[in-house]
Structure formats: structure tokens, C-alpha cells
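The values are calculated or read from the model by the stated rules, or taken from the named source; none is laboratory data. Since the model is a prediction, treat every value here as computed from it, not as a measurement. Quick reminder, even Gly has a Cβ in these numbers, built from the backbone with ideal geometry, and neighbours come from all protein chains shown.
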Amino acid sequence: MSLFALGLFTSPLAIVVMLSVVIGLLMILLFGYTSDQKAIGIAKDQLKAHLLAVRLYRDQLHVVMGSYGKVLRGTGRYLKLAFKPLLYVIIPITLLIVQLDRSLGLTAIQTNKPFLLTARVNNPQALDSISIDLPPEITASAPPVHVAADNEVVWRLVASQPGAYEARINAGGPNATEAVTKTVRVSSELARVSPERLRDHFWARMFSSGESALPDNSAVESISVDYPERNIPLGFAGYEMNWIWLFFILSMIAGFIFKELLGIQV
Amino acid sequence: MSRLCGGKSVRVASVFLLIAVVLSPAVAHAYAGPGAGFAVLSSFWAIFVAFLYSFYALMTWPFRQLFRFLRRRNAYGKAIFERAVILGFDGMDPELAERFMNEGRLPNLAKLRDRGTFSKLRTTFPAISPVAWSTFLTGVNPGKHNIYDFLACDRNHYLPYLSSAEIKGPKRHIKIGKYSIPFGKTEIKAMRKGTPFWHWLGKAGIFSSVIRVPVTFPPEKFQGVLLSGMCVPDLKGSQGTFCLCTTRSASDKFREGGVRVPVERKNGVCHSYVPGPDNPLAETAGHELRVKYEVRPEPAANQARFSVGSEKFTLKVGEYSEWLPIEFKAGLGFNAHGICRFYLKEVSPEVEVYVTPVNIDPGHPDLPISHPVTYSIYLAKLYGAFATLGLAEDTWALNEHVLDDDAFLAQAYGNHHDREQMLFDALEKTQQGLCTCVFDTTDRIQHMFWRYFAEDHPAARDVPKAERREVIQDLYQRMDKLIGRVMEKIDDKTLLMVISDHGFKSFARCMNLNAWLHQNGYLALKDGKTESGDWFEDVDWSRTRAYTMGLNGLYLNLKGREKQGTVDPSEAAALKEEIKQKLNGLVDPASGTVGITGVFITGNVYRGPYTDNAPDILVGYGAGYRASWDSVMGKVTAKIFEDNLKAWSGDHCIDPRLVPGVLFSSHKFIEEKPAIVDVAPTILKLFGLSLPSHFDGKPWDLAPQALATKTPEPAVAPAT
């Protein structure tokens with residue numbers, strides 16, 4: 001990402017704060033432009049009115065129960081009104097979050113720390129002939145483990161140098177021409193990672209893979225690297241938080257401030 | 001076709017993408033930005049809070065009922081009706097009602113007349129709304145509730161003040177730099193004394209919904225909900241100050257109720273402002289807060305685009321905006337919240353915009369206008385902003401030709417529509433107890449359109465008969481339809497009463513009573529003066545024995561009471577009798593008709609602890625006459641009688657015997673001469689409560705057949 005390349009934001013916390021504010025503003029603006037503001041205002045006001053009615057007429061059970069029913073109906077109406085802008089908002093923001101999650105949700109492999117690389121094949125026989133070719137900067141720290149029940153082979157690896165490396169999986173034995181690769185990113189800084197490489201499952205690849213599809217005729221169905229999850233230090237009392245929760249809280253706060261400033265009904 | 005196909009595939013792809021996004025289980029996909037996040041969170045919050053409230057209400061309801069039962073036994077145990085619905089139609093005239101009923105125009109009122117009660121309802125002395133409604137709600141004569149007019153007289157300064165409430169800002173201020181920060185609360189003192197009868201109902205556990213009954217500002221605590229009516233001020237603290245924003249230059253001021261504000265044109269954009277209250281942070285008075293706005297005239301389309309704060313809207317000429325919230329910012333976070341409507345009068349060649357008086361925002365009330373405070377907020381949230389000003393229909397603007405007939409009617413019926421909504425909500429919510437609502441529309445429209453109704457009114461002599469609109473007939477028919485809709489909502493356990501505080505008569509001739517007092521030697525002017533400006537500007541008090549202020553009251557300049565009193569208390573009775581003899585039967589020389597049909601010495605009319613605050617004499621004008629506006633405002637003119645050329649052409653501030661109100665009820669009462677003072681005791685009696693000893697009214701008895709059959713007839717459609 002250009003911002004990373006520019007080196008303006010190297011702290012994940014700063015990036016999340018900046019993104020939350022910008023996205024909070026953009027999403028509020030988008031919500032304002034794509035929603036029926038007047039109808040939302042009326043729906044919210046009526047909800048408040050029915051809530052007040054429960055208090056004002058608390059000794060009159062028919063009013064209390066009737067108002068509760070109206071609150072439920074009013075909530076449905078309000079959600080219905082919020083659904084249209086939701087349609088506009090949900091696709092870009094979901095795609096954006098998925099992309100950001102690859103940089104902010106996981107950390108790259110650290111040098112000299114073991115990690116697992118798992119290959120899944122489509123038939124048990126292929127397990128017998130599967131092998132891995134590693135670049136010189138990555139070495140296997142233990143023999144591969146075959147998990148026959150899951151058609152999986154797991155390698156325990158260690159990287160010695162930062163960088164992006166290709167691990168080559170040979171599914172047809174040492175002399176086979178069929179080989180597929182998986183990128184392994186080794187870095188101590190913020191880096192965009194792809195935890196899994198998949199065959200042609202478009203939606204699954206969209207949400208969890210950042211790499212091209214594995215060939216359809218390959219015996220290998222998927223290759224994954226267990227990048228550790230990233231928790232962002234909040235800078236006080238040792239608290240850490242997953243970036244998405246932090247983004248959720250901060251963008252809500254930013255959205256709340258911007259909706260008040262811009263006079264947008266949400 | 002290919003474009004269509006392309007569009008279709010994009011739509012299909014979008015739908016699939018959306019479904020994938022929504023159904024995908026990853027945590028990242030559960031959040032769709034702050035907008036949707038707020039929607040979801042606030043929905044759950046609303047449901048949660050509603051559930052908590054309802055659960056609490058449900059769980060505690062048996063205990064509360066038990067507590068009430070133990071304390072007061074069954075509140076409705078002795079009640080003849082479970083519910084009483086009282087509709088107040090301010091100024092509905094019994095003679096007109098009878099005439100229109102006989103013409104078949106008012107079928108629902110006729111139904112009430114035939115099955116229940118129709119009668120004249122004796123009004124108060126004087127027949128002025130705040131006086132009569134105060135008597136209605138307290139069950140006592142004005143000597144016990146202290147309201148004698150809209151205005152009361154400050155005897156030290158010979159100046160008027162609002163009779164119903166006194167609003168005082170905080171006493172202490174802290175000075176910081178250029179600001180003088182008020183410290184403490186605004187004091188609102190009710191000047192009306194006496195206890196509203198719904199207070200007694202509440203004490204017995206009977207719930208009341210009270211909407212827009214006059215002289216209920218400031219609202220008092222009781223068991224029920226109340227929205228204050230007549231006498232609620234606007235945000236400036238006045239009884240309604242409209243604003244005409246205009247590019248026309250004019251130096252003259254409006255005589256009544258309005259201000260002229262310049263509109264400045266610059267590059268095709270007009271800039272003006274809405275004047276607001278005085279800045280509470282200013283050290284001295286007179287620093288008016290303002291909200292600026294822009295108008296972009298589009299003469300070709302006969303419209304203009306408005307920009308008021310964050311609100312942007314377009315109005316055609318002759319069109320009103322909705323109620324718009326406006327915030328006057330004083331600084332340091334001190335804001336005043338109001339609402340107003342804009343009316344586009346003209347876009348070419350000049351630009352003119354009428355702005356209603358800035359009403360207190362019911363959704364954000366800076367002064368309490370309801371009990372509990374949340375009731376006005378509830379109504380504003382449920383139906384949108386509504387007029388809160390006591391005299392919300394801008395009669396002054398029509399009088400001053402700032403509004404025309406259509407614009408005034410649109411405004412009046414707009415307010416009326418809002419109150420109908422409130423009434424029907426109260427009817428739905430108040431299945432047991434009292435539900436009362438007063439509609440002012442009847443009063444305002446009769447005041448302003450009697451000129452078309454009367455045969456030869458000076459204010460409409462130039463209007464051919466064929467062009468005179470049947471505004472008053474239409475008004476009565478609208479009210480009848482309202483009755484019909486109310487009748488559909490009530491059952492045999494409900495008593496429906498329709499009452500008015502007074503009737504109506506033509507106001508064709510004005511009488512300046514101060515001029516009469518001057519010409520008859522009771523009021524003296526300063527040397528060399530033949531007339532006096534407003535509020536007795538040129539009156540020589542050292543030689544004045546009597547003066548008048550307000551609509552019917554005449555005051556002696558009494559030693560020891562007035563600051564410059566001249567009349568010895570021992571001579572007061574004789575002087576009052578002398579003035580009474582001279583005024584009673586006074587003939588208008590121009591027409592030969594009697595201009596004053598009754599003069600009443602208040603000591604003989606009122607009894608109670610506040611009679612000293614009353615005027616000394618009440619003047620009862622004859623039909624067709626009333627005090628001139630000049631006289632009301634303490635001005636002395638050369639002429640005593642004059643034609644009334646204003647749109648304000650009907651009135652009731654005359655001899656109270658000539659303008660009784662109406663009484664309709666769904667069940668028949670046995671009472672030959674019912675009076676408005678009887679309503680409170682009657683309602684208490686019907687709910688089985690004992691009457692407070694200070695009541696002046698007498699409860700009416702239900703006819704035996706009314707007790708036996710308490711089923712009101714269904715509503716019928718009005719004749720067309």
C-alpha cells in the first residue's frame with residue numbers, strides 16, 4: 001500500500017486510527033446521501049415517542065403494551081430504512097476490511113521462529129509422494145507430519161532472513177513436473193500476507209487468499225501458512241486489541257462525531 | 001439489448017456478491033460501517049429500553065393498583081362515567097350553532113342537541129378567554145383566580161403586564177470578560193390562582209389528559225399529562241411577534257405584534273435574519289440574538305430557494321415551509337431553541353418573506369410548556385414540531401395585511417390539524433379519566449372573518465357580497481366533523497361535552513373609552529395636548545380621576561393604590577356610581593345605537609381574596625361595539641367612536657350577557673341556566689368526588705333517562 005510504502009504510517013495503531021476516522025467520515029457521508037434522511041428522522045422520532053409513551057402512561061397497561069408493540073414495529077421500519085444505505089455501504093467496506101485484514105489482522109513470519117506450512121491434497125495416495133522445495137533462507141526444523149485423516153502434510157519451518165519467499169510443493173513425487181508454490185512472507189514490520197493459497201474457489205479466495213488460484217488439475221487443494229494473529233498494543237497498561245474491534249469502536253466514535261457535525265440522520 | 005443484458009449481469013453479480021458478503025461467517029464481514037452500525041445498535045437499544053420499561057410497568061402495576069386501592073379505594077367506584085371528554089371550542093356562538101344546525105350544516109352537534117344537551121352557557125365577567133377558561137378549570141369566579149383580562153395593570157407605573165404568568169431571568173450573574181453569565185434558573189411564576197379540577201381528579205387516582213387549555217402556563221404538577229395553551233409566550237417572551245423580511249424600505253412600524261426586517265440583495269442572493277430573544281449573556285438588555293438565512297429568488301418559477309442553517313428548501317409564492325428548528329447562539333454554549341415557519345410572499349420585483357413568531361421548540365423546550373416536560377417532547381416526536389405559542393394563529397399579521405386571508409387560514413387550519421392529532425392520541429391513551437382539549441381556531445377565525453359574515457361591516461364594505469367567503473360557516477362545519485370523529489371513538493361509558501367560553505358578535509365600531517373619560521373630565525392631558533400617545537404618554541396624572549387599560553376594565557386613580565392617585569378612597573364608591581350612570585346606555589351619535597349596554601362595579605360582581613387586583617369597573621359594550629385598540633393600549637384620541645376597518649372584525653369582549661358560550665353534551669343535564677363556572681364541580685360530581693368548599697359553581701344533575709341510557713348515537717355525515 002502506498003501509505004506503507006511512503007513510510008508515513010508504520011505504527012499499526014496510527015494506521016487504524018487514521019483509517020477509522022477517514023472511513024467513519026466516508027461511510028457517514030455515503031449513508032447520508034443514499035438514505036431517506038427525512039423518513040429515518042421520522043422513524044427515529046416515533047420510536048422515541050413510543051418509548052416516552054411507556055413512561056408517560058405507565059399506569060395504563062393497554063398503552064404500555066401497545067407502545068411496546070409500536071416500538072417493535074418502529075424498529076423494523078427503521079431497520080428497513082437503514083437497509084438501502086446498508087446495501088451501498090456493505091460491499092465496499094467489506095472488501096476494504098478484507099484487504100486491510102491481510103495487513104493488519106496477521107503478522108508476517110518472524111525470523112528464527114518456527115511456523116507451520118500445511119498442504120492439503122485431494123487423495124490419500126498423493127500424500128506418499130508429496131515433497132517440498134525451500135529457498136535457502138527457509139529450512140525445515142522437523143520432518144513432515146502426514147495427517148492421513150485430513151489428507152494433509154504439515155512442515156515445521158524456520159526462516160533466517162526477512163523477505164518474500166516461494167515454497168515449492170511437489171505433489172507427484174521428486175521427479176514430477178507438477179509443482180505449486182506458496183508465498184511465505186518473513187518480516188518484522190507491517191506486511192501484507194496471504195495465509196492460504198486455494199484452488200478455484202472464488203469467494204473463499206476473495207476473503208482469505210491474496211494469491212492466484214492453484215491449478216485445477218493439481219493434486220494440491222490448498223497450501224496454508226499459520227501467520228500469527230496480530231494484536232495492536234493500545235499504548236497503556238499493556239492492553240492489546242484485535243484491529244477490527246479497534247476499528248469498529250473508533251469508526252463508530254468518528255461516525256458519531258461526523259453525523260452530529262454534518263447533521264446526518266443515522 | 002446488450003446494454004440491458006450487461007446491466008442484468010451486473011445486477012446478478014452484485015446480488016451474488018452481496019449474498020456472499022452477508023452470509024460469509026468471518027468476523028470482518030459483520031460490520032458495515034458506522035451508519036449501519038448505529039442503525040443496528042440503536043434498534044437493539046430501543047427494543048431493550050422499551051422492554052425494560054414495559055417489564056417494569058407490568059411487574060409493578062399490580063402493586064401500584066393495590067397501593068391506590070388501599071389509599072383511596074377504587075378511584076372509579078362512584079363514578080357515573082368512566083371517562084369524560086370535554087372539547088372546548090373557544091368562542092363557539094350558541095346562536096350561530098343553532099342557526100347552522102337548523103340549516104342542516106351541523107348534523108353531529110344536532111345529534112348531541114337532540115339526544116343530550118344544547119344550551120347557552122353563561123360566561124364570566126368579562127367575557128374574555130383567559131378569564132372564562134380560568135373559571136372553567138378552577139370552578140371559581142375571577143375574584144378567586146385573579147385573572148381579569150389578558151393584561152393586568154401595574155398601578156405604580158400605569159403600565160400593563162401579562163396577567164397569567166411572570167417570567168424572570170436568573171437573579172445572579174457572573175461577569176467573565178464581555179459575558180455576564182446567568183447563574184441559576186429562570187423563574188416562572190403563575191399569576192393565576194386557584195386549583196384546576198384535574199388536580200382533584202388526580203388526587204383521587206383519576207388520570208387526565210389536558211391539551212391546550214388556556215392559562216395553564218406554567219404547567220402545574222398533577223396525575224396526568226398537560227400541554228399548555230393560551231398565554232404561552234414565544235421565544236422572545238412576547239405573546240407573538242411575527243417578522244416581515246422585505247427588500248422594500250419602510251420606516252413605519254407595525255402597530256401590533258410584528259417587526260420589519262430588511263432583506264439585502266447581493267449578487268442575486270438575498271440575506272436576512274430572524275430576530276430572536278435578547279442575548280442572556282449581554283450585560284444590558286436590547287442585544288437581540290439573530291439567525292441569518294439566505295433566499296435565492298427564482299422569479300421565472302415564481303419560487304425561491306431558502307437556506308436556513310442546515311435546512312434547505314424551496315417555496316412557491318404563497319406557500320409555507322414546515323416548522324423549522326432554529327437555534328439562537330448566545331455564546332459559551334448558551335443557546336435558545338425555537339421553531340418557526342417561513343411564508344414566501346413575493347419574489348419579484350421585491351422579495352418579501354413572512355416568518356411566524358419564533359415558538360418555543362416543543363421537542364427541545366427551553367421553558368416548561370407541558371407536564372411532565374417530556375409530554376411536549378413526546379408529542380413533537382410523534383407528530384413533528386407544532387405551534388406552542390398561546391396565540392398561535394397570527395391575527396396581527398392579517399390585521400397588518402402582512403398575511404392575506406388564504407395565508408392566515410392555511411396557518412390556522414395547520415395548527416388546528418396538529419391539535420386534532422393530539423386530541424385523538426389523548427383519546428386513545430385516556431380510556432379512563434378526563435380528556436380535555438381546547439381548540440382556538442373557532443375564536444381566531446371568527447375574530448378575523450366576521451367582516452364577511454356580518455351584513456354591513458365597515459371592514460368589508462368594498463368586498464362585493466358574491467366575493468365574500470363562507471369562512472365561518474365552513475369553520476362550524478369543520479368543528480362538527482371533528483365532533484363526529486370523536487363520537488366514533490367513544491362508548492356508552494363516556495360523557496362527551498362540547499363547551500365554549502363565550503359567543504361572538506360583530507365588532508363594527510370602536511370606542512375609545514379613554515377619549516370619553518377625557519372629554520367628560522375624568523382624565524386630564526398635559527397642558528397643550530389634545531391627544532395622548534400609547535400608555536398614557538401625555539396624561540397628567542395629578543388631575544386624572546379614572547383611566548382604562550385592557551379590553552373592559554376601568555380604573556380609578558385611587559390615592560394609596562395608584563402611584564399618583566387623586567381619588568380619595570372615601571369618594572371612590574360615589575365616583576364609580578357616577579361613571580356607571582354616565583356610561584350605561586351611552587349612545588353612538590353616528591348610528592343612534594347604544595354602544596354600552598351594561599356597566600358593572602366589580603365589587604358587586606367578584607368575591608374572593610384577589611378582588612383588589614380587579615379593575616374598579618367593567619364596561620359591557622353593546623353588540624357591534626368594542627374598546628378600540630388605541631383605548632386598550634392607553635392612548636387618548638380625539639374621537640370616541642370610529643369605524644373598525646381592521647380584519648379583526650368580530651369580538652366578544654362586550655357585555656357578557658350578550659355573548660354566552662355553548663354547552664352540548666352527549667347526556668342530558670337538568671339545568672336551566674348552566675354557567676362555565678359549573679363545569680368543574682359537575683365533572684367532579686360525575687366522577688363521584690366531593691366538591692371543595694371554595695367552589696362557586698354548582699354541579700348539574702343528569703336527567704333520569706341519561707342515567708338509564710348512556711349510549712351516545714353514532715356519528716352521522718354532515719349535510720353537503
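Tabulated values for the structure
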{"read-out": "Flag if A:Ile257 is more than 8 Å from every other protein chain (Cβ to nearest Cβ), part of a strand (DSSP E or B) and of a type in the set (A, V, I, L, M)", "value": "no"}
{"read-out": "Top-ranked residue in segment A:187-204 [being within 14 Å of chain B (Cβ to nearest Cβ) and over 19 Å from A:Pro228 (Cα atoms); ranked as surrounded by the fewest Cβ atoms within 10 Å (Cβ to Cβ)]", "value": "A:Phe202"}
{"read-out": "Flag for A:Asp45 being facing another protein chain (nearest Cβ under 7 Å), acidic (Asp, Glu), assigned to a helix (DSSP H, G or I) and out of contact with any strand residue (DSSP E or B) (no Cβ under 8 Å at 6 or more places or on another chain)", "value": "yes"}
{"read-out": "Hits in segment B:545-565 (condition: surrounded by fewer than 20 Cβ atoms within 10 Å (Cβ to Cβ), polar (S, T, N, Q) and in a strand (DSSP E or B))", "value": "none"}
{"read-out": "Strands (runs of 3 or more DSSP E) (entirely within segment A:84-186) containing at least 2 residues that are in contact (Cβ under 8 Å) with a residue 12 or more places away in the chain and more than 14 Å from every other protein chain (Cβ to nearest Cβ)", "value": "A:115-121, A:131-133, A:138-140, A:152-159, A:163-170, A:179-186"}
{"read-out": "Output for segment A:67-83, where each listed residue is free of Cβ contacts under 8 Å to residues at least 12 places away in the same chain and more than 8 Å from every other protein chain (Cβ to nearest Cβ)", "value": "A:Gly69, A:Arg73, A:Gly76, A:Lys80, A:Phe83"}
{"read-out": "Among (1) of a type in the set (Lys, Arg); (2) modelled with pLDDT of 95 or more; (3) surrounded by fewer than 21 Cβ atoms within 10 Å (Cβ to Cβ) - the single one B:Arg461 does not satisfy", "value": "(2)"}
{"read-out": "Qualifying residue in segment A:3-14 (condition: touching a Phe, Trp or Tyr at 6+ places or on another chain (Cβ under 8 Å) and assigned to a helix (DSSP H, G or I))", "value": "yes"}
{"read-out": "Residue match in segment B:585-596 (condition: buried (at least 21 other Cβ atoms within 10 Å of the Cβ) and of a type in the set (Val, Ile, Thr))", "value": "yes"}
{"read-out": "Number of the condition not met by A:Asp216 [criteria: (1) within 14 Å of chain B (Cβ to nearest Cβ); (2) under 30 Å from A:Arg120 (Cα atoms); (3) without any contact (Cβ under 8 Å) to a residue 60 or more places away in the chain; (4) exposed (fewer than 15 other Cβ atoms within 10 Å of the Cβ)]", "value": "(1)"}
{"read-out": "Yes/no for B:His417 being modelled with pLDDT under 95 and either away from chain A (no Cβ under 14 Å) or assigned to a helix (DSSP H, G or I) (or both)", "value": "no"}
{"read-out": "Positions within segment B:169-209 being under 21 Å from the mean Cα position of the chain (by Cα) and either in a loop (DSSP other than H, G, I, E, B) or surrounded by fewer than 18 Cβ atoms within 10 Å (Cβ to Cβ) (or both), in sequence order", "value": "B:Ile188, B:Lys189, B:Ala190, B:Met191, B:Arg192, B:Lys193, B:Gly194, B:Thr195, B:Pro196"}
{"read-out": "Residue within segment B:124-141 that is under 29 Å from B:Phe687 (Cβ atoms), in contact with a Gly (Cβ under 6 Å, 6 or more places away or on another chain) and not in a loop (DSSP other than H, G, I, E, B) present", "value": "yes"}
{"read-out": "Unique match (being within 28 Å of the chain's Cα centre (by Cα), surrounded by 17 or more Cβ atoms within 10 Å (Cβ to Cβ), more than 7 Å from chain B (Cβ to nearest Cβ) and touching a residue at least 40 places away in the same chain (Cβ under 8 Å)) among A:Ile28, A:Ile15", "value": "A:Ile15"}
{"read-out": "Per-region count, segment B:397-423, residues under 14 Å from B:Arg212 (Cβ atoms) and either among the acidic types (Asp, Glu) or surrounded by fewer than 17 Cβ atoms within 10 Å (Cβ to Cβ) (or both)", "value": "4"}
{"read-out": "The listed residue being of a type in the set (Gly, Ala, Ser), under 21 Å from B:Gly338 (Cβ atoms), in contact (Cβ under 8 Å) with a residue 60 or more places away in the chain and assigned to a strand (DSSP E or B), out of B:Ser272, B:Ser238", "value": "B:Ser272"}
{"read-out": "B:Tyr625, sole failed condition from (1) crowded, with 21+ Cβ neighbours inside 10 Å; (2) hydroxyl-bearing (Ser, Thr, Tyr); (3) modelled with pLDDT under 95", "value": "(3)"}
{"read-out": "Residues of segment B:642-669 satisfying the condition of being within 15 Å of B:Thr682 (Cβ to Cβ) and not in a loop (DSSP other than H, G, I, E, B)", "value": "B:Gly661, B:Leu663, B:Phe664, B:Ser665, B:Phe669"}
{"read-out": "Tabulated pairs, segment B:244-255, first in contact (Cβ under 8 Å) with a residue 60 or more places away in the chain and buried (at least 18 other Cβ atoms within 10 Å of the Cβ), second small (Gly, Ala, Ser) and outside any loop (DSSP other than H, G, I, E, B), C-beta under 7 angstrom, 6+ apart or interchain", "value": "B:Leu244/B:Gly258; B:Cys245/B:Ser272"}
{"read-out": "Given (1) outside any helix (DSSP H, G or I); (2) closer than 26 Å to B:Ala385 by Cα; (3) more than 7 Å from chain B (Cβ to nearest Cβ), index of the condition A:Arg58 fails", "value": "(3)"}
{"read-out": "Residue within segment B:280-291 that is surrounded by fewer than 14 Cβ atoms within 10 Å (Cβ to Cβ), among the small types (Gly, Ala, Ser) and under 26 Å from B:Gly390 (Cβ atoms) present", "value": "yes"}
{"read-out": "Qualifying residues in segment B:368-398 (those that are small (Gly, Ala, Ser) and touching a helix residue (DSSP H, G or I) at 6+ places or on another chain (Cβ under 8 Å)) - the one nearest to B:Lys168 (Cα to Cα)", "value": "B:Ser370"}
{"read-out": "Filtered residues of segment B:411-462 (kept if closer than 20 Å to B:Cys231 by Cα and of a type in the set (Phe, Trp, Tyr))", "value": "B:Tyr413, B:Phe439"}
{"read-out": "Checklist (1) touching a residue at least 40 places away in the same chain (Cβ under 8 Å); (2) in contact with a Phe, Trp or Tyr (Cβ under 7 Å, 6 or more places away or on another chain) applied to B:Ser370, failing item", "value": "(2)"}
{"read-out": "Test: residue in segment A:227-246 that is more than 14 Å from chain B (Cβ to nearest Cβ), modelled with pLDDT of 90 or more, surrounded by 14 or more Cβ atoms within 10 Å (Cβ to Cβ) and touching a helix residue (DSSP H, G or I) at 6+ places or on another chain (Cβ under 9 Å)", "value": "no"}
{"read-out": "For B:Asn335: the one exception among (1) within 12 Å of chain A (Cβ to nearest Cβ); (2) surrounded by fewer than 24 Cβ atoms within 10 Å (Cβ to Cβ); (3) closer than 25 Å to B:Lys189 by Cβ", "value": "(1)"}
